[in-house]
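The values are calculated or read from the model by the stated rules, or taken from the named source; none is laboratory data. Just so it is clear, the model here is predicted, and its values are computed rather than measured. Here Cβ is always computed from backbone atoms with ideal geometry, including for glycine, and neighbour counts include all displayed protein chains.
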């Protein structure tokens, strides 16, 4: 059977899309082995982000991010449970796009950035939950109060000594004396972080 010249390009496009879909469907683990990812990394703020959101009764809410933070990631190839994730956030760098709200968040009503200039997370355990995911448990310290918290980390890729994770989690702000505005504003803070680390 002869295929017309008009139909041939159509088949080429179909096969091209199929090949692209197959590549996108491949798990990250097929391209990134744990042994390749093992090592110590310094979080790069320029290519990372720490964002948060707080819901509000009736819809809307508050979205913001921190411009200043630092941290490290260490992946232990022989024992994933011994891996470590540590980061420090500087709350005076909070930004919501509204200067009045930013000033309120920095005040002693919320972060009390003048007296508590750092929010720290130090992991205590890392449990692998999938080929590219892990549950990170640790201790979060803010405003002089420390509580255990959990975050989910999803490996996004490894390239040329740079590793990327998406880290998500929920934190109850009342634990840290930041429950102003409840119950109109949710007590739950949703964190969505992209952490990019450079090896060495």
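Residues of region 126-140 being in a strand (DSSP E or B) and crowded, with 18+ Cβ neighbours inside 10 Å, which ones? Steps first, please.
Kept after step one, since they are in a strand (DSSP E or B), are these residues of region 126-140: 126-128, 133-140.
Within region 126-140, 126, 134, 136, 138, 140 qualify.
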ask   = Taking region 82-125 as the search range and keeping residues that are under 24 Å from residue 153 (Cβ atoms) and part of a loop (DSSP other than H, G, I, E, B), which one is modelled with the lowest pLDDT?
value = 83
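Within region 178-192, can you find the residues that are free of Cβ contacts under 8 Å to residues at least 40 places away in the same chain and either within 16 Å of residue 140 (Cα to Cα) or out of contact with any strand residue (DSSP E or B) (no Cβ under 7 Å at 6 or more places or on another chain) (or both)?
So the first thing to find is which residues in region 178-192 are free of Cβ contacts under 8 Å to residues at least 40 places away in the same chain, and the list is 179, 181-182, 187.
Across region 178-192, the qualifying residues are 181, 182.
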